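Let me begin by presenting the structure, written as structure tokens, before commenting on it.
Laboratory data are not the source of any read-out in this text; all were calculated from the coordinates shown. Since the model is a prediction, treat every value here as computed from it, not as a measurement. Cβ placement follows ideal geometry from the backbone for every residue including glycine, while neighbour counts extend to all protein chains displayed.
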Amino acid sequence: MDTVDLKPIIEALIFVSESPVGAEQLAEALDVGKAVVVPLLRQLCSDYATEKRGIVLEETAGGFQFRTRPEYAEWVRRLSRNKPFRFSRAALETLAIIAYRQPIIRAEIEYLRGVDSGGVLKTLLDKRLVRILGKKDVPGRPMIYGTSRDFLELFGLKDLSGLPTLKEFNELALEAASTVDETS
Amino acid sequence: MDTVDLKPIIEALIFVSESPVGAEQLAEALDVGKAVVVPLLRQLCSDYATEKRGIVLEETAGGFQFRTRPEYAEWVRRLSRNKPFRFSRAALETLAIIAYRQPIIRAEIEYLRGVDSGGVLKTLLDKRLVRILGKKDVPGRPMIYGTSRDFLELFGLKDLSGLPTLKEFNELALEAASTVDETS
Amino acid sequence: MPYDIKIDNFEGPLDLLLHLIRKNEMNICDIPIAEITRQYLAIIDAMQSLNLDIAGEFLLMASTLVHIKSRMLLPQSEDDVSEEDEEDPRAELVRRLLEYQKYKEAATDLDLLPILGREVFARKFSSPELAALEEDEFQAVGLYDLVEALRGLIRNVPEASYHDVTFEQLSVTDRINQIMSQLAGKESISFAELFSPSPSRHEVVVSFLAMLELVKLRMLRLLQSVRFGTIWLFPAVSGEHQDGLDFDEDALGYG
């Protein structure tokens, strides 16, 4: 194989690797000697360093790795701050229980989840996905929770009747269990 | 800020993102108008396309993402020791029907395929390739399905208009779609 | 002979019918229904004689075919059929077959696209640049989280260990001084570091009260990188950090 063509392949290989890639590893994958790979790696490093680019190829202890230019750290931070809010499993579970069982008090949520849910509940209240509907007329007067307009908006629902029924889901799940893995 | 300097920053921002980054997102992070970002994105795309590189910048699922060149797939797999995955015909058929006919309910999918499709549907929902769009206003209020952003990203489509054109048949296709041999 | 056909190789009855029509080079718009029904049933019979499970859809199609065949045999009556209803009994089946073929082709076309993770690869992992960022970014801790951490600690204290440690009672003031000296010169310490390897219940409670007192005096900040994660104690060096405290009364309601 012509060595000229190996450079972009090396670039691609390092690019998709989560951890740094060593010259030996590359040589093995490409079925060439390490002596072929090393000069190409040097070339790639200097290509990235000389052209004014957002990414640099760095040699670390474990091998070679692409990194963003350190001076762009602030921009990277700004982008990641705008990342959409990610649901934790706990948040999603709690939200689901509230959505389907509202009006509901905290004790009922915790009974269903089997774990304390105060923290998640607070997060959901903070994110305005859940709201307090009132207080229940039982000793202790616990708060009653329900979902908000923001919740409907987030999930693209007109109203709560748009929630998929559990029955329909159970049917799908049942059939999925009886079929062999479909997509692998 | 001088716009000349924004290009490498955009490159860095797309590089660190796990999912495709939209022009709006970039504009917001960079505190400039979308009109500033778009031509730079186009330039970056063509830079990567014209130079012989291992990576290309693709527009997919409403954003931009760096991807390795398709012709290097074998090398990437060799390095990561991943076996190529394949979709079952059932999954692909169901996905195709949903993609071209959305919004669609399960009964329609099953009429078109001629077989029960609950199991495949569940798998596609689990893989986040299909999502629930809502409920249909007919007796029984069945769920309506459509494809997701992940679907667009997986198949490298900009949006649904990027789907391969659907061929209309009045007779049997000459080059009949693979039958017996291609099943997995 | 159609008998060597394996039903498993077909996605369903429509797929099988398409195959038979193509194999016999039949005209799809004028399917010889008697012949195709015969071949279809022969396959089903062969499968059944091998005791193979046949999905209900295949049997349903068999009965549809037989039904169409019988309707084809009936003489057309001019009286009881209006003109619009006078459709070829095969029409719906033909439509379905053509429609199915369309999506079958579309499925093949989809499969030809460069698929992410199969032909093309992206960085589907969190970049180290971002991972470093997330560690830096602490969310202010509410009282609730604090109480949770306390509860966790108390739960870990074995019953027996706090019965016989009554002689060494620590006061809150002592503990405040200890914490401040533990923090001296450090950027932060974790909540767990405050305690001896197996703290008594008393020690935990006193430490907790001391910590609250320090927070109230704005001498200490409590931060957490993720909810339910480790709580970190930071010495509050200047007034600028006071906003970081998340001490609304509401939080108490969850304790």
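Under a 5 Å amide H cut-off, with hydrogens placed 1.01 Å from N, B:G134 pairs with B:I144 among residues at least 5 apart or on other chains.
Per-residue mean of foreign Cβ neighbours for B:129-140 is 2 (Cβ atoms of other chains, 10 Å radius). The distance between label points at C:A192 and A:E71 comes to 4.2 nm (points 7 Å beyond Cα on the Cα→Cβ vector). Measuring r between the beta carbons of C:V94 and A:A49 and using R0 = 60 Å, the FRET efficiency lands at 0.40. Sorting the segments A:139-150, C:92-103 by their residues' average number of neighbouring beta-carbon atoms within 10 angstrom, most packed first, yields C:92-103, A:139-150. Label-point distances for A:R128 to the equivalent site in the other copies, using a point 7 angstrom along Cα→C-beta, read 2.5 nm when ranked shortest first.
Each eigenvalue of the Cα gyration tensor of region B:101-142, multiplied by 5 and square-rooted, gives one semi-axis; in descending order these are 17, 14, 9 Å.
Ascending distances from the A:V38 label point to its copies in the other chains, with the point 7 Å along the Cα-to-beta-carbon line: 5.0 nm.
Over chain B, DSSP H runs of length four or greater, each weighted -39,500 (n - 2.57), average out per residue to a 222 nm ellipticity of -13000 deg cm²/dmol. In order along region B:69-85, the phi-based Karplus estimate (6.51 cos²θ - 1.76 cosθ + 1.60, θ = phi - 60°) of 3J(HN,Hα) comes to 5, x, 5, 9, 3, 4, 5, 4, 5, 4, 5, 8, 6, 9, 7, x, 8 Hz; Gly and Pro are listed as x. Cut-off 10 angstrom, C-alpha nodes, Gaussian network model of chain B. Which of B:E74, B:E168, B:E153 fluctuates the most? Greatest mean-square fluctuation among the candidates belongs to B:E168.
Within region A:21-60, the GluC sites (Glu not before Pro) that combine a DSSP coil assignment with at most 14 other C-beta atoms in a 10 angstrom radius are A:E51.
Packing order of peptides A:75-81, B:8-14, highest average first: B:8-14, A:75-81 (average count of other Cβ atoms within 10 Å over each peptide's residues). From the label point of A:R141, set 7 Å from Cα along Cα→Cβ, how far away are the matching label points in the other copies, in nm, ordered shortest to longest? Those label-point separations list as 3.4 nm. Cα centroids of region A:21-46 and region A:47-67: 14 Å apart.
Neighbouring Cβ atoms from other chains, within 10 Å of the Cβ of residues in B:76-86, number 5 on average.
Shape verdict for region B:1-141, please, from the Cα gyration tensor: rounded (a/c under 1.5), prolate (a/b greater than b/c) or oblate. Verdict is oblate for region B:1-141. If R0 is 35 Å, what FRET efficiency do you get for C:F125 and C:D8 from their C-beta distance, rounded to 0.05? That pair, C:F125 with C:D8, gives E of 0.40. Inter-chain neighbour count for A:43-52: the average number of beta-carbon atoms from partner chains within 10 Å of each residue's beta-carbon is 1. In the neighborhood of A:E11, defined by Cβ-to-Cβ distances under 11 Å, what is the net charge if each Lys or Arg adds +1 and each Asp or Glu adds -1? That works out to +2.
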